[in-house]
Every structure is written in C-alpha cells, then in structure tokens.
1. Taking the stretch 74-153 on its own, what percent of its Cα-Cα pair distances exceed 21 Å?
2. Within the stretch 1-102, which trypsin sites (Lys or Arg not before Pro) sit in a loop by DSSP and count at most 13 neighbouring Cβ atoms inside 10 Å?
3. So, counting K/R as plus one and D/E as minus one, what does the shell of residues with Cβ under 14 Å around residue 222 add up to?
4. With every protein chain left in place, what is the accessible area of residue 183 in Å² (1.4 Å probe, nearest 10)?
5. Starting from a Cα-only point model with no solvent, please compute log10 I(q)/I(0) by Debye for the chain at q = 0.08, 0.09, 0.13, 0.15 1/Å.
6. Note the full-extension length gain between residue 231 and residue 94 as 0.36 nm times their separation in residues minus their Cα-Cα distance, in nm to one decimal.
7. Expressed as a whole percentage, what fraction of the accessible surface of the stretch 98-257 belongs to carbon and sulfur atoms when a 1.4 Å probe is rolled over the protein heavy atoms?
8. For residue 11, give me every one of the lysines with a C-alpha distance below 30 angstrom, ignoring sequence neighbours fewer than eight places off in its own chain.
Amino acid sequence: GDMAAAGATAKGSYEGGIGDEMATFTPVVSSILEYRDSMLAGGQLQPLEVYRRPDGQQVAVVWPAGMIPAFFPNFVGEVWIQPGRDASQGQIYRHKAQGGLPGPGSVALVLGAGNQLPVVALDILHMLFAEDRVVLAKMNPVNDYYGPLLRQAFAPLVQRGCLEFVYGGADVGAYCCQHELVDAVHLTGSEATYNSIMFGSPQPSGSVRLNKRVTAELGNVTPYIIVPGPWSQADVEYHATSVASGLAQNAGHNCIAAEVRHAHS
C-alpha cells in the first residue's frame, strides 16, 4: 500500500486512486512464486503445452499460469523455439553448474529502471536467485522515492548482506560500474545509457571500456496486430480498451507498451 501510494502521489492517478499502481505489483508476487518453482525444478518447469506448427517448429505455451489468468483472461504467451531445434530449458542453471558464472559472493550492480518499480524488483531477484550474486541496486533519480520502501520490502535480504541500495545520478552509476568489487552490471534503460557505460559516450564509438559482464534491457517497440476475423462488437470494444489501457497505464512509460498498431486495411 505504501509503495502504491508513493507512486500515485508522484505520478498522479488518472482519478483512479492507487489502483493503477497496485496492479503493477502483480508481476512481483507471481515472479517470486515462479522463481521458487523454477529453482525446485532445476529451471525446467513443465510448460502448459508444447506443440508443433505445420512446418515442424516447436512452440511452448508458458503463460498465463497460476493465478495470472484471473488478471489476463483470453491471453496466451508462447515461446517459439528456433526452427530446427528442440525445446530446452534451464540453460542458466546448467551454465552455472558448469562453472560458467563467477559463483556465490560475486557482486552485481543493478541500475534500476526509471519507469516501473516491478522491473527494479525483478532485476534484483534475478541477479540474486538465478545468478547467485549479491546485489548493489542503484535507484534511478526519476523514482528513487521507491528505494527506502523497496529496501524495507526486501529487509531479510538486506539484513543478510545480500542486497543494498544507493542513490544518485549518472556520476554515481558510472562510479559503481567501474568499481573493482562489481563483477557484473545489469540495467534497464535507454540505448544511450548502455552506450555511455560501454563506450563512454551516448553513441557507440571506439573500443569497449568496461571489461565486465553487462546485460541490458533497452526498451521495445511492441506491435499490436489486429487480424481479420469474425469479430463481435464486444470483441472490438475489448481490444480497443486493451490498446488504450496499454497507452495510458503508467502514462505509457512501459517497455512493453503498444507502440505500433497493425490492422488489415
């Protein structure tokens, strides 16, 4: 409740109170459950379904599962396997078991996203539980008011020395990236930020200056594809609402917000 109230106060609420912000925490709760299940299954959870397309390509249906269908009725998430290859799971767990990652005790810097708090939370959880690293999380100045609340939510991890938070601008981020104790960096942000970290300028130029493992999620241009079909008026209204909601939620500041609409003319 405190996080949702803080977000609504900072961003405004479209007359909906804290409801819009409360909904954004659903992925955090569901992902914690999925991390638990994934670790118990060695990274090889049973998909909801695996089938083959007419050309033989394998497709795994992986979403929605658990409690999520209640929030996303009539939605389906699929992973299309590379043509000619069989479906497989748990690569990061196998890679870890083979010594492909530094192992427990290495430090990961998470440069927090400035748009959605759940992205920050899930990036932290991934580094902690999928890659077995302790985490230094630097909050984005745009939403650093979430930091103390997130630290409180993750208090058991903080108390065990697995997680800590820092604040500041690009200078603090650059210092942390270059720090000798930091072994890996993950950021959710812009291409310019990534280039600044890797090359020292907003545009890629010269040689890479950061000799560390760097992973990044740099936004997206999500298409909303509308195909011809036996649409009812209720169908049209439902999907029109979905498109509008994707643009309005969090003022459209989402990596997966619908950016391009494709429709049959």
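The values are calculated or read from the model by the stated rules, or taken from the named source; none is laboratory data. Small disclaimer: the values here were computed from a predicted structure and weren't measured. All Cβ positions, glycine included, derive from the backbone under ideal geometry; neighbour counts span all protein chains shown. Surface accessibility is based on the protein's heavy atoms, side chains included, excluding ligands, DNA and RNA. Shrake-Rupley method; radii C 1.70, N 1.55, O 1.52, S 1.80 Å.
1. On the way: 1519 of 3160 pairs.
Here the long-distance tail beyond 21 Å is 48 percent of all Cα pairs in the stretch 74-153.
2. On the way: sites: 11, 36, 52, 85, 94, 96; in loops: 85.
Within the stretch 1-102, the qualifying trypsin sites (Lys or Arg not before Pro) (loop, at most 13 other Cβ atoms within 10 Å) are 85.
3. Around residue 222, the charge tally is -1.
4. 70 Å²
5. Here the Debye-derived log intensity ratios amount to -0.39, -0.50, -1.07, -1.37.
6. 44.8 nm
7. 61 percent
8. Within the straight-line limit of under 30 Å, residue 11 reaches these lysines: 138.
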